[in-house]
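Any read-out appearing in this document is the output of simple, stated calculations on the displayed coordinates, not a laboratory observation. Just so we're clear, the structure is a prediction, and the values are computed from it rather than from any experiment. Here Cβ is always computed from backbone atoms with ideal geometry, including for glycine, and neighbour counts include all displayed protein chains.
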Amino acid sequence: MAVSTSGLEPLSYGQSYNFWKILSRAPDLEILKIADVDLKKVRTYAAWLRNEKVSVEKLNATNESAVAKSGRGMDLVVNALEPIFDLKLMKATFRAKANYQDLAFGALRDT
């Protein structure tokens, strides 16, 4: 299983850490790609996980083409960003031919 995740912010520190930790230990995991516009933040998460299957990527969720490219070859794309990014990430994941899981929460805003 190959998983790509976008965004870290909406989950609190403890929730995020536990989510990524559990996911990174899945027995059939081949790669866990953690992506966010803040590369320093994703590197911090990857260091906490201490798992050679984890990779990081700087990725701007507003760039649908870049998200689609990043998601290619992944079985699952997990969105943990605010709902304002949902539609772009859904479209990009569809273009990448990957499954989509949305963890996003927060107030909806007009886009």
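For the pair ASN60 and TRP48, the difference between a 0.36 nm per residue extended length and the Cα-Cα distance amounts to 2.1 nm. For SER55, nonlocal amide neighbours, meaning residues 5 or more places apart or on other chains whose placed amide H falls under 5 Å from its own, are LEU32, LYS33, ILE34. Inter-label distance, LEU29 to ASP102: 2.4 nm, where each label sits 7 Å from its Cα along the C-beta direction.
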